[in-house]
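Bear in mind that the values in this text are calculations on the coordinates, not laboratory data. All values reported here derive from a predicted model rather than from experimental measurement. No Cβ is skipped: glycine too gets one built from the backbone with ideal geometry, and neighbour counts run over all protein chains shown.
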Ligand code: IMP
């Protein structure tokens, strides 16, 4: 079965390929810009993008929507993470958190996969951690330089290799669930 991951984010594409390849799942990546609806729910955003991707390509597809949820900011930026990244960025988040002691945060990843006519199937993964006091590391993308996963040794995501990040990340978890489901569907 050929499966296409629709994303314009090359960082995400690399992480997902590196997770699926060792499991024997080869994917095509298509950088199609899909409509991202405004919603407080990553699940709803992923579902709608997946329906649109399937409508365009008419073949088995999946999409992923992710966000960073900061406890002290009541879950902000959450589903608005890409807009916030493009506008205030890493520096803006650090500024908002400047005098905060509670730096708890989590990333959530939500995958929607549609193989045929049935509605998309959802897979989620969460990675709990905290916001660092300064950006550290050069790898990865987005808010990686300021996120320290709890299941780690104190390094930010941006200080880890793709494999190290995948082992504990929100996306690693959602992609492994997707892979398990695909295995059952074969
Ligand atoms: P979207 O899923 O493409 O809407 O992305 C949401 C935004 O959240 C991205 O633009 C990144 O800034 C951020 N983001 C999502 N996943 C990650 C991650 O694994 N590391 C760092 N930032 C992320």
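Side notes on the structure shown:
- Extension gain from residue 73 to residue 2, taking 0.36 nm per residue of separation minus the Cα-Cα distance: 21.5 nm
- Relative contact order [Cα under 8 Å, 6+ residues apart], the chain, whole percent: 20
- Taking every C-alpha pair closer than 8 Å and separated by at least 6 residues, the mean separation divided by the residue count of the stretch 1-73 gives a relative contact order of 36 percent.
- Helix 10-20 axis versus longest C-alpha principal axis of the chain: approximately 60°, rounded to the nearest ten.
- Taken along the Cα-to-beta-carbon direction at a fixed 7 Å, the label points for residue 9 and residue 83 span 1.6 nm.
- For residue 39 and residue 153, the FRET efficiency from 1/(1 + (r/R0)^6), where r spans their Cβ atoms and R0 equals 25 Å, is about 0.10.
- Once the Cα-Cα distance is subtracted from the 0.36 nm per residue extended length, the residue 118 to residue 32 segment shows a gain of 28.8 nm.
- Against the main long axis of the alpha-carbon atoms of the chain, helix 42-57 sits at an angle near 40°.
- Separation in nanometres of the label points that stand 7 Å from Cα toward Cβ, at residue 18 and residue 57: 2.1
- Gain in span if fully extended, residue 136 to residue 179, counting 0.36 nm per residue against the direct Cα distance: 12.4 nm
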